[in-house]
Amino acid sequence: MTHFSLSLRHFRESGNLVGSLARAFRACWVPAFAGMTMLVCFLGASPSALAQDSLPAAPYANRQLDDPALEARAQALMETLRCLKCQSQSIADSDAPMAGDMRNQVRERIAAGEQPEAIRAWLIERYGDYVTYTPRVRALTAPLFAAPLIFLAIAALLLRRRFRKARARQA
C-alpha cells in the first residue's frame, strides 16, 4: 500500500482533509524533491569543478626555460608570487593547476623579454594585490602597513599610563 493510499484511508477515517494532504505531501513529495535537488546540484557542479583539472598542463608550467639566466629571473619572480588557490605557497612551490598556469605566463613573458616588474604589475592588475607577498603601499593597502604602528603606539601609551599610576602609588 502506498503512502498516498494510506493518507486517503486516513481522510476517510478522520475526515481531516488538510492533515491527510499534508501527510501525503510529506510522505511522497518531500523526499522526491530533495533527491531531485541533490541530483541537479551534483550534475550542475561536477563538469565545472572538474573542467580545469581535465585540461593539459601549460607548456612551461613544469618545464624550465632553456636559458639559465632567464630561468633564474623567472624563478626569483615566481617565489614572490602567491598561489591564489593554495594561499600559503608561492607559485614556484605549488602543484595547483592555477599555479602552473601562472608559472607558464611568467616564463613565457620572461622569454619574450618582458621585465619582472612589468609581469608583477600585470599579475597584480589581473588578480589584485593579494597575488604578491610584497604588496605596494597604496590607499587600499595603507591600513595594513599603518595598523601595526598604531597598535604599538596604543600599547606604549597604555604601558606609560600604567607605570605612571604605579609610581604615583609608591610615592
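Between amide H atoms placed 1.01 Å from N, distances below 5 Å from S90 occur with C83, all of them 5 or more places distant or on a separate chain. Using the average count of surrounding beta-carbon atoms within 10 Å as a protection proxy, the listed peptides 90-103, 126-139, 62-75 rank, highest first, as 90-103, 62-75, 126-139. Across all directions, the shadow cast by the convex hull of region 118-164 built on its C-alpha atoms averages 3.9 square nanometres.
Read-outs throughout are calculated quantities, based only on the coordinates presented, and are distinct from any laboratory measurement. Model, not experiment: these values are computed from the prediction. When we count neighbours, we look across all protein chains shown, and the Cβ atoms used for this are built from the backbone with ideal geometry, even at glycine.
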